[in-house]
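Trainee: Take a look at the following structure, please.
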């Protein structure tokens, strides 16, 4: 963000920022953007709430000036995965359900002399921004509430894509390339099917990203199954069997959230999905393992299953430069918007052009955003429902470009971590 | 390897190289070392057997000059995971069991005018070198047979460590750091146990490498269980329960091969280990998932399990510079040894010094090596059997240092792949 000299010397009150929901590889780059822009625009103290609104209610917060001491620390923060401040999965009740809670929140905000409240998160976090800004307007509080998007799932509406998605897509595509090489090295006089399980409960954006592994020296995956379409296990068996007649190594990418026609998750067939998280979401795991067992039994071939797991959202060492920069940009843009009087808004990423890729920060009313899920459009999946189209690839490809070299110390990437002393 | 001008202009016959066993991130760096040194020492044609001795028996081989066209290709090969030439899991029968097979092998070698046969692989591959060199000596064939070690498991005797181990250890340590950040970001007002499952059937070298995540800004894992020691599930439950009283996020690393006192693999408790591979090894999977379910039920906390899976051996993008360089060195040293008349030997890595770390290539009789497994010594594990010692750390730490920046094309690491045309 360019230094805004016109406001830098005006004394302003304080600002507070929090992180919420599932972490990503670049959620801290948004935090860095918030911090840097808040400093540049003359806010006095930049507070970080610990573990989002949940920790805030326990009056858990830090002055970020005690944590970030230099431009080097800002660069390190950009390269640090997960939520530096800690995250939470806390859904604010409706205003009428617990008015005392809202009074408590605003009394803490008043005590800290907060002028702007920035919340970095996904669908559920934007709901928090909506409720707090509504309450402030109704009750005549002056604080501004701004949302900064983040989610590896890319399922937020109105933004072209979400910060965090590009880095997860890059990690998945790079790992898929490496696994395809591994499989080809092993396949000789024996057939092998490798099934990759990718995160994405309802949205197949990340599963589709495995197609980026198709490059001049790599065939990419053979079949891709997104959760937006009903999973036809008979078609899956037939297609895999046909492919195995033609080639020794078959690579299949499936979303963790694929469902059968009767509505059951595939992972439920193996006894998975047996507990729900704080938002009432079923935990999905074991889809690829179930399908690997199924194919092995039906086709008699060697199979293996690989879950990309938590590393999809935490592998900062393979983060995308475009993604880190955009995450930083939207963090800064939220501070700018609040400083200019906006509230109840979320910053979004607008795509200006595909090639050369250009983007800018836009802003939308958070009432239009919260709780709408953006899914992969049907026309971006092929007719048979087992691969994605060129449009999908063109959409993702710019988002995985470039990298920030990790700061390596003793052979490992270094991170900036919270100093609680 | 330094160019050996004294021999470069002497006309030599041909050399053949193959890759065998489970791939690693740096087995192709050894191939690059073989190729470069063979060229420098004046061998005429450098053949690559496709899929090891198994493909060789089908007369599947390539002239590597048709694949590697430049120094740039050699650099790309060093950054390419898995076996460029393809691997195999083929155990040569005893000479007396199938003399016809040996005659066939040597007739192909004679036809191709092979002077030296280099085989890059693990324990089973060194058995191949032993049998072929024995046969040659008994039958009066002049070919030389040399082994180049590789295995992520580090379980080969007589070499200080194996090429492939350092890169797998680096990937595991870096990923462990990222996962620990992820867990800490989420843990607030709820307890969570994360169980990491690491490769290593009998040897705990890689599981111990998770301890490298303990750095100035990271606590590292809390408990580490190696397969060398009997796994005491009651002790595991008690220790985890005690840790959860003190901290919100507990990180536990387990080897896939941990066994109970009655000899059963832990993964067998969940119905895993249900098939065996070509070498009669049980396939182990599901150890962490079983233990996560067990802890969740016993302690009532949130748990998750993460398998590092195939990426442990294929994540070239996180390979160690020390490892890539040593893999290259031992490949070249094998060619030199064969050229100087050695046979029935394996090149090893000798550690000259710990700090600053220095190593060199040594050579050992393959009869002393094959089928001996090098395990973690008991004194490198703490008394309670749930963590490793400082000596273990000092042993591994030099092996994960430095990196080779991947060659990124369109946002993804580029690889050198076999051109079959």
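Values in this text are rule-based calculations from the coordinates and carry no lab data. Please read these numbers as outputs of a predicted model, since none were measured by experiment. Positions of Cβ are backbone-derived with ideal geometry, glycine not excepted, and every protein chain shown enters the neighbour counts.
Trainee: Rounded to the nearest 10 degrees, what's the angle between the helix A:123-139 long axis and the longest principal axis of chain A, both from Cα atoms, 0 to 90?
Mentor: The angle comes out at about 20 degrees.
Trainee: Same structure again: Can you compute the modelled spin-label distance between residue A:358 and residue B:72, with each label point 7 Å from Cα toward Cβ, in nm?
Mentor: In this crude spin-label approximation the distance works out to 3.1 nm.
Trainee: Now, a different point. Past the 25 angstrom mark, what percentage of all C-alpha to C-alpha distances in the range B:169-313 do you count?
Mentor: 23
Trainee: Right, next: Please state, rounded to one decimal and in Å, the Kirkwood hydrodynamic radius that chain B gives when every pair of distinct Cα atoms enters the mean of 1/r.
Mentor: For chain B, inverting the mean 1/r across all distinct Cα pairs yields 22.4 Å.
Trainee: Could you state the angle between the C-alpha long axis of helix A:99-111 and the longest principal axis of the C-alpha atoms of chain A, as a value from 0 to 90 degrees rounded to the nearest 10?
Mentor: Roughly 60 degrees, rounded to the nearest 10.
Trainee: Could I ask something else about it? Within the protein assembly as shown, what percent of beta bridges assigned by DSSP are antiparallel, to the nearest 5?
Mentor: Around 35 percent antiparallel, to the nearest 5.
Trainee: Further question: Would you kindly state how much longer the chain becomes between residue B:142 and residue B:97 on full extension, computed as 0.36 nm times their sequence separation minus their alpha carbon distance, in nm to one decimal? Mind dumping the intermediate values first?
Mentor: On the way: separation 45, 0.36 × 45 = 16.20 nm, distance 2.26 nm.
Result: 13.9 nm gained on full extension.
Trainee: Once a ≥ b ≥ c are taken as the square roots of the eigenvalues of the Cα gyration tensor of the range A:21-140, is the result rounded (a/c under 1.5), prolate (a/b larger than b/c) or oblate (a/b not larger than b/c)?
Mentor: Prolate, because a/c is 1.5 or more and a/b exceeds b/c.
Trainee: Treating the point 7 Å from Cα along Cα-beta-carbon as the label, what are the nm separations from residue B:340 to the other copies, to one decimal?
Mentor: 7.2
Trainee: Classify the range A:343-421 as rounded, prolate or oblate from the Cα gyration tensor: take a ≥ b ≥ c as the square roots of its eigenvalues, call it rounded if a/c is under 1.5, otherwise prolate when a/b beats b/c and oblate if not.
Mentor: Because a/c hits 1.5 or more and a/b fails to exceed b/c, the range A:343-421 counts as oblate.
Trainee: What nm distance separates the two modelled labels at residue A:368 and residue A:110, each placed 7 Å from Cα along Cα→Cβ?
Mentor: Between residue A:368 and residue A:110, the simple spin-label model gives 3.4 nm.
Trainee: To one decimal in nm, how far is residue B:368 from the same spot in the other copies, if labels go 7 Å from Cα toward Cβ? Please give the shortest first.
Mentor: When each copy's label point is compared with this one, the spacings are 7.6 nm.
Trainee: Please report the projected area of the protein assembly as shown's Cα convex hull averaged over all directions, in nm².
Mentor: Taking the Cα atoms of the protein assembly as shown, their convex hull projects to 36.2 nm² on average.
Trainee: If I build a Gaussian network model for chain A, linking alpha-carbon pairs within less than 10 angstrom, which residue out of A:83, A:187, A:32 has the largest mean-square fluctuation?
Mentor: A:187
Trainee: I've got another one for you. Over the Cα atoms of the range B:114-165, how large are the radius of gyration and the largest Cα-Cα distance (Dmax), in Å?
Mentor: Reported Rg and Dmax, both Å: 12.2, 37.
Trainee: Using a 7 Å offset from the Cα along the Cα-to-Cβ direction at both residue B:13 and residue B:340, what is the distance between the two label points in nm, to one decimal?
Mentor: 2.2
Trainee: To continue, here is another question. Shape call for the range A:115-223 from the C-alpha gyration tensor, a ≥ b ≥ c root eigenvalues: rounded (a/c under 1.5), prolate (a/b greater than b/c) or oblate? Please list the in-between numbers first.
Mentor: Working: a/c = 4.79, a/b = 3.86, b/c = 1.24.
Since a/c reaches 1.5 and a/b is larger than b/c, the shape of the range A:115-223 is classed as prolate.
Trainee: Could you work out the helix-only [θ] at 222 nm for chain A, with each DSSP H run of four or more residues adding -39,500 (n - 2.57) and the total divided by the number of residues, to the nearest 500 deg cm²/dmol?
Mentor: -10500 deg cm²/dmol
Trainee: Other chains' Cβ within 10 Å of B:373-379 residues: what's the mean?
Mentor: Numbers: counts 0, 0, 0, 0, 0, 0, 0.
Mean number of neighbouring Cβ atoms from other chains: 0.
Trainee: Kindly express, to the nearest 10 degrees and within the range 0 to 90, the angle between helix A:321-339's C-alpha long axis and the longest C-alpha principal axis of chain A.
Mentor: Between the helix axis and the principal axis of chain A, the angle is about 30 degrees.
Trainee: Tell me, what does the Kirkwood hydrodynamic radius of the range B:131-194 come to in angstroms if you use every pair of distinct C-alpha atoms? Write out the running numbers ahead of the final one.
Mentor: Working: mean 1/r = 0.0629 Å⁻¹.
Kirkwood hydrodynamic radius for the range B:131-194: 15.9 Å.
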